[in-house]
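Structure record follows, encoded as structure tokens.
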Amino acid sequence: MRTHESEEMYLETIYLLKKSRGTVRSVDVVEELGYAKSSVSRGVNLLQKRGYIEISHLTGDIEFTEEGLRKAESVYERHRVLTAALMKLGAGRELAENDACRIEHIISPEMFEIIKKFAEN
């Protein structure tokens, strides 16, 4: 998995976990993705170094920075819109979700806007 794609997967996972649980720690990401603790630790540390998240030294809770939240919301929006567009084309939910998850990391902003207009009609 490319660094960019991996970074976006972590951001989206943290975003969705925060929406459903309120608080997120690295162990929650491990459980959600099924990755090794060491892989998640590296990924989360990279997000922290890039300024997308902050981790509480007391609780281990992960919080988004403003930039991180914007990026996570953008990734999630691409996922939602692409899933809707693929379903509109006739794909079942599971197939649409799986393929949207792959496409969301490589699609150009221009193509995303075209697909977004299609999905909204």
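The values are calculated or read from the model by the stated rules, or taken from the named source; none is laboratory data. All values reported here derive from a predicted model rather than from experimental measurement. Cβ sites come from the backbone with ideal geometry, for glycine too, and all protein chains shown count toward neighbours. Ligands, DNA and RNA are excluded from the accessible area calculation, which covers all protein heavy atoms including side chains. Shrake-Rupley method; radii C 1.70, N 1.55, O 1.52, S 1.80 Å.
For region 27-48: of the residues being surrounded by fewer than 18 Cβ atoms within 10 Å (Cβ to Cβ) and not in a helix (DSSP H, G or I), which is farthest from the chain's Cα centre (by Cα)?
A36
Pairs, please: C-beta under 9 Å, at least 6 apart or cross-chain, first residue in contact (Cβ under 8 Å) with a residue 24 or more places away in the chain and on the phi > 0 side of the Ramachandran plot and in region 57-68, second open to solvent by less than 80 Å² (accessible area, probe 1.4 Å) and of a type in the set (S, T, Y)?
Qualifying pairs under 9 Å: G60/S26.
What residue, among those in region 49-64 that are within 15 Å of the chain's Cα centre (by Cα) and not hydrophobic (A, V, I, L, M, F, W, C), is surrounded by the most Cβ atoms within 10 Å (Cβ to Cβ)?
The residue in question is Y52.
Show the residue pairs that are 6+ apart or on different chains and have beta-carbon atoms under 9 Å apart, the first residue being within region 6-24 and among the small types (G, A, S), the second being open to solvent by less than 30 Å² (accessible area, probe 1.4 Å) and in a helix (DSSP H, G or I).
S6/G43
List the number of the failed condition for G51; all other conditions in (1) of a type outside the set (K, R); (2) outside any helix (DSSP H, G or I); (3) at pLDDT below 95; (4) in contact with a helix residue (DSSP H, G or I) (Cβ under 8 Å, 6 or more places away or on another chain) hold.
Here G51 meets the rest and fails (3).
What's the total number of residues in region 98-112 that are surrounded by fewer than 17 Cβ atoms within 10 Å (Cβ to Cβ) and assigned to a helix (DSSP H, G or I)?
Total satisfying the criteria: 6.
Residues of region 15-26 being assigned to a helix (DSSP H, G or I) and either of a type outside the set (A, V, I, L, M, F, W, C) or open to solvent by 60 Å² or more (accessible area, probe 1.4 Å) (or both), which ones?
Within region 15-26, the first condition is being assigned to a helix (DSSP H, G or I), and the residues that meet it are 15-21, 26.
Result: Y15, L16, K18, K19, S20, R21, S26.
Could you tell me which of the residues E77, E73, E12, E8 is under 13 Å from E104 (Cα atoms), crowded, with 20+ Cβ neighbours inside 10 Å, modelled with pLDDT of 95 or more and of a type in the set (D, E)? Spell out how you get there, then give the answer.
Values: E77 fails: crowded, with 20+ Cβ neighbours inside 10 Å; E73 fails: crowded, with 20+ Cβ neighbours inside 10 Å; E8 fails: modelled with pLDDT of 95 or more.
The unique qualifying residue is E12.
Within region 82-97, is even one residue open to solvent by 30 Å² or more (accessible area, probe 1.4 Å), without any contact (Cβ under 8 Å) to a residue 40 or more places away in the chain and closer than 18 Å to E5 by Cα?
yes
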